[in-house]
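Chemist: Quick one: structure below, then a few questions.
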Amino acid sequence: MTMLDGRVAVVTGGAGGIGEAICLGLARAGCAVVLGYNSSEGPAQALAAQLPVATLPHQALKAPVTDSAALAELADQVQRRYGRCDILVNCAGTTRFVPHADLDALDDALIDQILSTNVRGPFAAIRALRPLLAAPRADGSTGLVVNISSIAAVTAMGSNVMYCASKAAVDNMTKSLARALAPQVRVLSVSPGLADTEFVKSMDPGWRDEQASRTPLQRLAQPEEVAAAVVAAATHLTFTTGAVIPVDGGRPLA
């Protein structure tokens, strides 16, 4: 499938488990992929070198989403190298497990880290890349932003209270920006349930099995399924904006 030949996609957090699958899915669809990373330079550079060859070259660039100046520099480098940005996937995120009832353990430093990465970060990336995303295209297509959210935005069950709140904020921001940036840019959220990444596989098997058993489809999401939703947003759901696309196996039904 090469429906996105000649397109350029920026993926923040591209070296993570879900981010890697998204980069691979977009590259297979024909995109040149720019992997934004913070501290994972080695994995990001290695992934960029391993992605399927596209019409334009792939690249890994340091772009911590908590640093607006770095994001502005990322946008400038994308402009100078490619002259366009068609897709932005906001996949960078952070969290830490804190029991919801333990309010004291959810300290101010962790709250600020979660909100600056998970909420301000996607907004800042969109702000930096908006001129490229909104630029007219010869084929009349729109720019696309996909924010990687979480089922925690709806269920309020997740690694900690502030993580859940941050993902609810992402979904709300998706709707606000879909209205504000139309018609030049579409904005969507893709909202996975618990995904079976290497990080999740390292957790207690009994806990993972319990999470799967509470899901109507009786398993966890695969990173490739999250990536497929992102690619579908770019290739097939071309009249969709302001929506939250679930990839959760029906977990809210349980």
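The values are calculated or read from the model by the stated rules, or taken from the named source; none is laboratory data. Only a predicted model underlies this, so the values are computations on that prediction, with no experimental measurement involved. Positions of Cβ are generated from backbone atoms using ideal geometry, with glycine treated the same way; all protein chains shown enter the neighbour counts.
Chemist: With the stretch 112-205 as the region, which helices (runs of 4 or more DSSP H) entirely inside it contain at least 1 residues that are buried (at least 17 other Cβ atoms within 10 Å of the Cβ) and either at positive phi or among the polar types (S, T, N, Q) (or both)?
Modeler: Here the list reads 161-181.
Chemist: If you don't mind, another one. Go through (1) closer than 15 Å to V146 by Cβ; (2) assigned to a loop (DSSP other than H, G, I, E, B); (3) out of contact with any helix residue (DSSP H, G or I) (no Cβ under 7 Å at 6 or more places or on another chain) for G242 and report which single condition fails.
Modeler: (3)
Chemist: Please specify each residue of the stretch 127-147 satisfying the condition of being under 17 Å from V78 (Cβ atoms) and touching a residue at least 60 places away in the same chain (Cβ under 8 Å).
Modeler: Listed by number, the residues that qualify are A128, L129, L144, V146.
Chemist: Where residues in the stretch 201-254 are basic (K, R) and closer than 29 Å to V33 by Cβ, which of them is modelled with the highest pLDDT?
Modeler: Result: R219.
Chemist: Also: Look through A156, A128 and report the one residue that is more than 30 Å from D204 (Cα to Cα) and in contact with a helix residue (DSSP H, G or I) (Cβ under 6 Å, 6 or more places away or on another chain).
Modeler: Criteria check complete, one pass: A128.
Chemist: Scan the stretch 213-223 for residues that are surrounded by fewer than 16 Cβ atoms within 10 Å (Cβ to Cβ) and outside any loop (DSSP other than H, G, I, E, B) and jot them down.
Modeler: Hit for the stretch 213-223 is S213, nothing else.
Chemist: Being part of a loop (DSSP other than H, G, I, E, B) and under 16 Å from the mean Cα position of the chain (by Cα) is the filter here, so list the residues in the stretch 57-88 that pass it.
Modeler: Listed by number, the residues that qualify are A63, P64, V65, T66, C85, D86.
Chemist: Within the stretch 176-193, work out how many residues are closer than 16 Å to L237 by Cα and not β-branched (V, I, T).
Modeler: 8
Chemist: Follow-up. Quick one: T235 ticks every box in (1) surrounded by fewer than 21 Cβ atoms within 10 Å (Cβ to Cβ); (2) over 27 Å from T2 (Cβ atoms); (3) among the hydroxyl-bearing types (S, T, Y) except a single one, so which number is it?
Modeler: Answer for T235: the failing condition is (2).
Residue-by-condition table, conditions (1) in contact with an Asp or Glu (Cβ under 9 Å, 6 or more places away or on another chain); (2) closer than 29 Å to A195 by Cα; (3) among the polar types (S, T, N, Q):
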| position | (1), (2), (3) |
| --- | --- |
| L61 | yes, yes, no |
| D76 | no, no, no |
| C85 | no, yes, no |
| N118 | no, yes, yes |
| A134 | no, no, no |
| G140 | no, no, no |
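Chemist: Take the stretch 16-38 and flag every residue that is assigned to a loop (DSSP other than H, G, I, E, B) and touching a residue at least 40 places away in the same chain (Cβ under 8 Å).
Modeler: Once the filter is applied, which keeps residues that are assigned to a loop (DSSP other than H, G, I, E, B) and touching a residue at least 40 places away in the same chain (Cβ under 8 Å), the stretch 16-38 yields G16, A29, C31, N38.
Chemist: Here's another thing I want to ask about it. For G93, only one of the following conditions fails: (1) farther than 21 Å from V200 by Cα; (2) surrounded by 19 or more Cβ atoms within 10 Å (Cβ to Cβ); (3) within 20 Å of the chain's Cα centre (by Cα). What is its number?
Modeler: (1)
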